[in-house]
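Here's the structure, in structure tokens; my notes come after.
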Amino acid sequence: MTMPKTETISADSVDKAARLIRSGRLVAFPTETVYGLGANALDGEAVARIFEAKGRPRFNPLIVHLADRSKAETHAEFSDAAKRLADAFWPGPLTLVLPRSSDTPLSDLVSAGLPTVALRVPAHEAARALIRAADVPIAAPSANPSGQVSPTMAAHVAQDLGDKVDMILDGGPCPEGLESTIVGLSGDDCVLLRSGAVPRERIEAVLDRPLGSSRSDGDPQAPGMLSSHYAPSATLRLNAEVPKPGESYLAFGPMPPISGPALNLSDAADLREAAAHLFDYLRRLDATSAETIAVAPIPETGLGEAINDRLRRAAAPRPAQGA
Ligand code: TXA
Ligand code: MG
């Protein structure tokens with residue numbers, strides 16, 4: 001089999017991969033757990049490419065990979081428990097879901113609009129070298145198409161996503177072969193969101209108390225379902241060609257003549273650009289005095305499926321608090 005984009009780990013290949021990441025492209029890279037599909041976590045359009053490549057029908061939040069703990073601390077609020085876990089397990093296969101810090105430059109799309117972010121400092125030398133060389137945080141889900149198993153060898157990535165990534169760094173088989181353990185920490189709550197390479201008992205030993213359990217197995221949270229998920233307080237009116245008087249407008253493509261507050265997801269009707277702006281622009285229009293946000297029609301193709309999924313959830317009537 002030919003794998004033209006695959007390059008073995010070397011100073012040169014890591015350097016090339018880092019330049020691709022910095023220029024907004026996708027690079028699959030090895031970690032101690034599984035191969036990740038990496039993009040610059042500061043660049044919303046680069047992050048949108050990840051969803052495009054994986055063919056995810058909705059925006060799941062992604063794990064952000066960092067070079068070290070001090071870098072991680074610039075993006076999220078670390079509770080005492082979070083600091084203890086980071087001390088004990090980083091670098092290594094533990095992911096912490098923490099409140100985003102108010103001034104983090106991370107794209108909103110990596111969090112799929114949630115107020116939290118998943119952070120991890122991987123132990124794999126190639127992953128660390130790539131993050132250091134790119135000098136940006138790297139958002140990376142497992143490098144498999146949506147609904148398939150995680151890849152533990154470069155050849156798996158080449159088979160499944162070869163035509164969708166710009167480069168595959170081959171660091172051999174992943175030593176753990178199992179995804180990172182994910183722990184969610186907010187206030188005093190510590191919850192196991194996904195079991196993985198670090199056993200629950202080891203985490204509980206460090207925290208000196210039992211971890212709570214998440215409500216679901218496997219993929220921890222369907223973000224759109226979370227009660228904590230950002231839902232605008234304004235009403236959304238979808239597929240609106242033009243806004244009515246008093247409405248704000250979230251446009252896509254050419255802007256109709258309007259008078260109220262408006263933002264355009266993409267003048268050029270580019271779905272990747274629209275995905276990159278979606279969560280930020282919803283928030284901004286929600287902050288205006290208009291009680292309804294009219295939203296332009298968005299095609300259901302490619303990333304449009306995930307964008308429309310998110311918009312429909314935001315437009316749906318809310319269940320009562322506590323439901
Ligand atoms: O070992 C791993 O964790 C690998 C390597 C590449 O680091 N990555 C990985 O990513 O498994 P992914 O996207 O396949 O799984 C990450 C999980 C998803 O189920 C996602 O919903 C959850 O983490 N997640 C990410 N951010 C979250 C957040 N803010 N709140 C709740 N769950 C989150
Ligand atoms: Mg995965």
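Brief remarks follow.
- Some residue of segment 61-79 being away from ligand 2 (no atom under 16 Å from the Cβ) and within 18 Å of PRO210 (Cα to Cα): yes
- Unique match (being part of a loop (DSSP other than H, G, I, E, B), within 18 Å of GLU45 (Cβ to Cβ) and within 13 Å of ligand 1 (Cβ to nearest atom)) among GLY147, GLY113: GLY113
- Any pair with Cβ under 7 angstrom, 6 or more apart, that starts in segment 156-184 at a residue that is over 13 Å from THR6 (Cβ atoms) and more than 15 Å from ligand 2 (Cβ to nearest atom) and ends at one that is modelled with pLDDT under 95 and among the hydroxyl-bearing types (Ser, Thr, Tyr): PRO173/THR152
- Considering residues of segment 101-110 that are more than 15 Å from ILE138 (Cβ to Cβ) and open to solvent by 20 Å² or more (accessible area, probe 1.4 Å) only, the residue farthest from ligand 1 (Cβ to nearest atom): ASP103
- Selection of segment 21-39 for residues being within 12 Å of ligand 2 (Cβ to nearest atom) and acidic (Asp, Glu) yields an empty set.
- Subset of segment 60-79 that is open to solvent by 10 Å² or more (accessible area, probe 1.4 Å) and of a type in the set (Gly, Ala, Ser) - its residue that is nearest to PRO145 (Cα to Cα): ALA67
- Of the residues making up segment 45-59, just one is away from ligand 1 (no atom under 15 Å from the Cβ) and open to solvent by 10 Å² or more (accessible area, probe 1.4 Å), namely GLU45.
- Segment 150-160, residues that are assigned to a loop (DSSP other than H, G, I, E, B) and polar (S, T, N, Q): SER150, THR152
- Subset of segment 256-274 (residues that are surrounded by 15 or more Cβ atoms within 10 Å (Cβ to Cβ) and at pLDDT 95 or above): PRO261, ALA262, LEU263, ASN264, LEU265, SER266, ALA269, ASP270, LEU271, ARG272, GLU273, ALA274
- Criterion: open to solvent by less than 20 Å² (accessible area, probe 1.4 Å), at positive phi and in contact (Cβ under 8 Å) with a residue 40 or more places away in the chain - qualifying residue of GLY253, GLY246: GLY253
- Boolean, VAL149 is surrounded by 21 or more Cβ atoms within 10 Å (Cβ to Cβ), closer than 22 Å to GLY55 by Cβ and within 16 Å of ligand 2 (Cβ to nearest atom): no
- Apart from one condition, ALA197 fits all of (1) open to solvent by 70 Å² or more (accessible area, probe 1.4 Å); (2) of a type outside the set (Val, Ile, Thr); (3) at pLDDT below 95; the exception is (1).
- Total residues in segment 1-41, condition small (Gly, Ala, Ser) and farther than 24 Å from GLU176 by Cβ: 3
- Here LYS83, LYS16 are screened, and the one residue that is part of a helix (DSSP H, G or I), open to solvent by 10 Å² or more (accessible area, probe 1.4 Å) and out of contact with any Asp or Glu (no Cβ under 8 Å at 6 or more places or on another chain) is LYS83.
- ALA154 falls short on exactly one of the conditions (1) modelled with pLDDT of 95 or more; (2) in contact with an Asp or Glu (Cβ under 7 Å, 6 or more places away or on another chain); (3) under 21 Å from ALA41 (Cβ atoms), and that condition is (3).
- Of all residues in segment 19-33, those satisfying the criterion of being touching a strand residue (DSSP E or B) at 6+ places or on another chain (Cβ under 7 Å) and either of a type in the set (Gly, Ala, Ser) or open to solvent by 10 Å² or more (accessible area, probe 1.4 Å) (or both) are LEU20, ARG22, GLY24, ALA28.
Table: residues versus (1) in contact with a His (Cβ under 9 Å, 6 or more places away or on another chain); (2) open to solvent by 10 Å² or more (accessible area, probe 1.4 Å); (3) at pLDDT below 95.
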position: PRO99; (1), (2), (3): no, yes, no
position: VAL117; (1), (2), (3): yes, no, no
position: HIS124; (1), (2), (3): no, yes, no
position: ALA133; (1), (2), (3): no, yes, no
position: ALA139; (1), (2), (3): yes, no, no
position: PRO145; (1), (2), (3): no, yes, yes
position: GLN159; (1), (2), (3): no, yes, yes
position: GLY172; (1), (2), (3): no, yes, no
position: SER186; (1), (2), (3): no, yes, yes
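The values are calculated or read from the model by the stated rules, or taken from the named source; none is laboratory data. Since we're looking at a predicted model, the values are computed, not measured. Reconstructed Cβ throughout: ideal geometry from the backbone, glycine too, with neighbour counts over all protein chains shown. Each accessible area value is taken on the protein alone, full model and side chains, heavy atoms only, with ligands, DNA and RNA left out. Shrake-Rupley method; radii C 1.70, N 1.55, O 1.52, S 1.80 Å.
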